[in-house]
1. Could you give me the residue pairs with C-beta distances under 9 Å whose first residue belongs to segment 17-37 and is in the same structural domain as residue 110 (by TED's automatic domain parsing), whose second residue is in a helix (DSSP H, G or I) and surrounded by 10 or more Cβ atoms within 10 Å (Cβ to Cβ) wherever it lies, and which are 6+ apart or on separate chains?
2. Say we look at segment 59-74 and pick out the residues that are free of Cβ contacts under 8 Å to residues at least 24 places away in the same chain and in a helix (DSSP H, G or I); which of these is farthest from the chain's Cα centre (by Cα)?
3. Of these, 158, 169, 153, 184, which one is in contact with a strand residue (DSSP E or B) (Cβ under 7 Å, 6 or more places away or on another chain) and either surrounded by 14 or more Cβ atoms within 10 Å (Cβ to Cβ) or without any contact (Cβ under 8 Å) to a residue 24 or more places away in the chain (or both)?
4. Can you tell me which residue within segment 58-69, out of those that are touching a helix residue (DSSP H, G or I) at 6+ places or on another chain (Cβ under 8 Å) and surrounded by 19 or more Cβ atoms within 10 Å (Cβ to Cβ), is nearest to residue 7 (Cα to Cα)?
5. Out of (1) modelled with pLDDT of 95 or more; (2) surrounded by fewer than 18 Cβ atoms within 10 Å (Cβ to Cβ), the odd one out for residue 78 is which?
6. Residues that are assigned by TED's automatic domain parsing to the domain that holds residue 189: which helices (runs of 4 or more DSSP H) entirely in segment 75-173 hold 2 or more of them?
7. Quick check on segment 213-220. Is at least one of its residues within 21 Å of the chain's Cα centre (by Cα) and either without any contact (Cβ under 8 Å) to a residue 40 or more places away in the chain or surrounded by 14 or more Cβ atoms within 10 Å (Cβ to Cβ) (or both)?
């Protein structure tokens with residue numbers, strides 16, 4: 001989401017103006033000329049700052065294609081998965097829904113991702129809308145019911161992309177390195193390490209802690225092994 005929001009100028013303009021709007025004092029809205037001047041000034045500051053911070057999340061000439069390819073692959077796989085269900089694990093939301101929805105919803109609010117999400121991944125639209133007010137509408141499905149379309153997501157985007165990257169982030173930050181280099185699907189993924197990466201260190205620690213509480217669950221470990229996730233959580 002961050003990459004698309006601050007890469008193209010049309011998305012930079014859209015996001016910076018929306019963010020500026022939310023930061024205007026309430027009374028300014030009743031002063032049209034002042035409102036416009038202040039909004040333009042705030043939006044310009046936001047745009048200049050954020051468009052120069054793509055490096056913070058690892059976006060650069062070396063990583064741009066991998067980032068966009070991964071995002072489209074995730075959307076495509078999730079589009080298939082949500083074609084026949086309300087939420088990722090069935091008829092009620094889970095951590096998976098909240099984790100993915102925040103990124104996908106915010107991407108959808110920007111012009112470039114909105115266009116390809118609505119044109120190419122339209123099965124996501126009811127889910128995007130539903131997650132604005134998520135509710136328990138039934139039960140979780142069995143793994144047998146979920147696996148055909150969920151396994152590819154776990155394997156291709158979690159086991160082959162996210163966990164290798166976040167594990168290397170954790171290692172690199174513990175060694176106080178300023179740059180990360182990791183092989184993702186046979187290609188070098190190299191970028192500077194910024195402050196926000198510390199949140200990935202924390203999230204990986206939480207994932208490992210969660211896994212520890214389910215240690216010994218052979219069915220779960222078999223799934224994680226097949227998806228290349230297990231070794232990053234042990």
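The values are calculated or read from the model by the stated rules, or taken from the named source; none is laboratory data. None of these values were measured; they are calculated from a predicted model. All Cβ positions, even for glycine, are placed from backbone atoms using ideal geometry, and neighbour counts span all protein chains on display.
1. From segment 17-37, no pairs qualify.
2. So, considering only residues that are free of Cβ contacts under 8 Å to residues at least 24 places away in the same chain and in a helix (DSSP H, G or I), the one farthest from the chain's Cα centre (by Cα) is 65.
3. On the way: 158 fails: in contact with a strand residue (DSSP E or B) (Cβ under 7 Å, 6 or more places away or on another chain); 153 fails: in contact with a strand residue (DSSP E or B) (Cβ under 7 Å, 6 or more places away or on another chain); 184 fails: in contact with a strand residue (DSSP E or B) (Cβ under 7 Å, 6 or more places away or on another chain).
Matching residue, one of 158, 169, 153, 184: 169.
4. Applying the filter and picking the extreme gives 59.
5. Only one criterion in (1) modelled with pLDDT of 95 or more; (2) surrounded by fewer than 18 Cβ atoms within 10 Å (Cβ to Cβ) is unmet by residue 78, namely (2).
6. 143-153
7. Taking segment 213-220 first, the residues within 21 Å of the chain's Cα centre (by Cα) are none.
Among the residues of segment 213-220, not one is within 21 Å of the chain's Cα centre (by Cα) and either without any contact (Cβ under 8 Å) to a residue 40 or more places away in the chain or surrounded by 14 or more Cβ atoms within 10 Å (Cβ to Cβ) (or both), which makes the answer no.
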